[in-house]
Amino acid sequence: GEDVEQSLFLSVREGDSSVINCTYTDSSSTYLYWYKQEPGAGLQLLTYIFSNMDMKQDQRLTVLLNKKDKHLSLRIADTQTGDSAIYFCAESITNAGNMLTFGGGTRLMVKP
Amino acid sequence: NAGVTQTPKFQVLKTGQSMTLQCAQDMNHNSMYWYRQDPGMGLRLIYYSASEGTTDKGEVPNGYNVSRLNKREFSLRLESAAPSQTSVYFCASSVNGLYNEQFFGPGTRLTVL
């Protein structure tokens, strides 16, 4: 079965880099996603990576994928107070109808 | 475009009461989903509908029923609410396909006393 795990909490200072980590167990995942949830709101897609890629960069966001270790990370450069939110990683698996399995979420707190 | 809308935003029920959560999307998406979110547990899939006219169970379907009324609307019904169903419920939709970006509604916060 599939299982996606994340640490619960991360605290950084404004201007520092944040690194949020995720591990997954299903090697047949096709896409891996990072979603952001602000207080009182639904989830919003931040970025994604296809499983045959190692890295993807999108402005302040860098996604790294280590398929051998089934490890995904999201790096946010120059973290701002507006980045404070819960971040979820998710995987979609071809032989499960591309359904998404979400991790438990990492709460990022950015201190001024 | 409104995206994915959900009603109501908040609801308080007594144990044993029934209610229906409504969800609609205006993006012409094929697939729709219902999740529940509990602290520290991420989102768990309750039911989904891959296309109009089909529904399937997700990870935690017990105590719920769904109806895909048409392509736009997907409702979630609690026939006899229990305190264990206190949660935040999210509806989502996607085009469907290998790349499965899901678009989420704002959520319904349900408390069962």
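When A:G82 is tested against (1) of a type outside the set (V, I, T); (2) in a strand (DSSP E or B); (3) out of contact with any strand residue (DSSP E or B) (no Cβ under 6 Å at 6 or more places or on another chain), exactly one condition is not met: (2).
On the stretch given as segment A:8-36, residues that are farther than 16 Å from A:T101 by Cα and either among the polar types (S, T, N, Q) or buried (at least 16 other Cβ atoms within 10 Å of the Cβ) (or both) total 6.
In segment B:81-99, of all residues being free of Cβ contacts under 8 Å to residues at least 40 places away in the same chain and in contact with a Ser or Thr (Cβ under 7 Å, 6 or more places away or on another chain), the one that is surrounded by the most Cβ atoms within 10 Å (Cβ to Cβ) corresponds to B:T86. For segment A:34-54, the set of residues classified as under 17 Å from B:N100 (Cβ atoms), assigned to a loop (DSSP other than H, G, I, E, B) and facing chain B (nearest Cβ under 7 Å) consists of A:G42 only. Note on segment A:3-22: among residues that are hydroxyl-bearing (S, T, Y) and at pLDDT 95 or above, the one that is nearest to the chain's Cα centre (by Cα) is A:S18. Evaluate the following for B:R72: is it surrounded by fewer than 22 Cβ atoms within 10 Å (Cβ to Cβ) and within 14 Å of another protein chain (Cβ to nearest Cβ)? Considered against the rule, which asks whether it is surrounded by fewer than 22 Cβ atoms within 10 Å (Cβ to Cβ) and within 14 Å of another protein chain (Cβ to nearest Cβ), B:R72 comes out as no. Restricting attention to segment B:10-50 and to residues that are more than 24 Å from B:N100 (Cα to Cα) and within 14 Å of chain A (Cβ to nearest Cβ), the residue that is modelled with the highest pLDDT turns out to be B:F10. In segment A:4-33, the residues that are in a strand (DSSP E or B) reach residues that are of a type in the set (F, W, Y) with C-beta atoms within less than 6 angstrom, at least six apart or across chains, in these pairs: A:V4/A:Y24; A:I20/A:Y87; A:Y31/A:Y48; A:Y31/A:F50; A:Y31/B:Y99; A:Y33/A:Y48. Selection of first residues in segment B:34-63 that are within 20 Å of B:A24 (Cβ to Cβ) and in contact (Cβ under 8 Å) with a residue 60 or more places away in the chain and of second residues that are among the hydrophobic types (A, V, I, L, M, F, W, C) and exposed (fewer than 13 other Cβ atoms within 10 Å of the Cβ), restricted to Cβ pairs under 6 Å at least 6 apart or on distinct chains, gives an empty result. Restricting segment B:1-50 to residues that are among the small types (G, A, S) and in contact with a Ser or Thr (Cβ under 6 Å, 6 or more places away or on another chain), the residue that is farthest from A:L45 (Cα to Cα) is B:G16.
Identification of strands (runs of 3 or more DSSP E) wholly contained in segment B:13-104 with 2 or more residues that are under 14 Å from A:L100 (Cα atoms) yields B:31-37, B:43-49, B:87-94. Filtered by the rule that a residue be of a type outside the set (F, W, Y) and either more than 24 Å from A:K67 (Cα to Cα) or within 11 Å of another protein chain (Cβ to nearest Cβ) (or both), segment A:8-21 gives A:L8, A:S11, A:V12, A:R13, A:E14, A:G15, A:D16.
Scanning segment B:73-113 for residues that are under 20 Å from B:M32 (Cα atoms), at pLDDT 95 or above and among the β-branched types (V, I, T) yields B:V88, B:T108. Looking only at residues in segment B:78-110 that are more than 16 Å from the chain's Cα centre (by Cα) and aliphatic (A, V, I, L, M), which one is nearest to B:I46 (Cα to Cα)? Only one residue fits best here, namely B:A82.
The values are calculated or read from the model by the stated rules, or taken from the named source; none is laboratory data. What you are looking at is a predicted structure, and each value in this text was computed from that prediction instead of being measured. Neighbour counts are summed over all protein chains in view; Cβ atoms, including those assigned to glycine, are modelled from backbone coordinates with ideal geometry.
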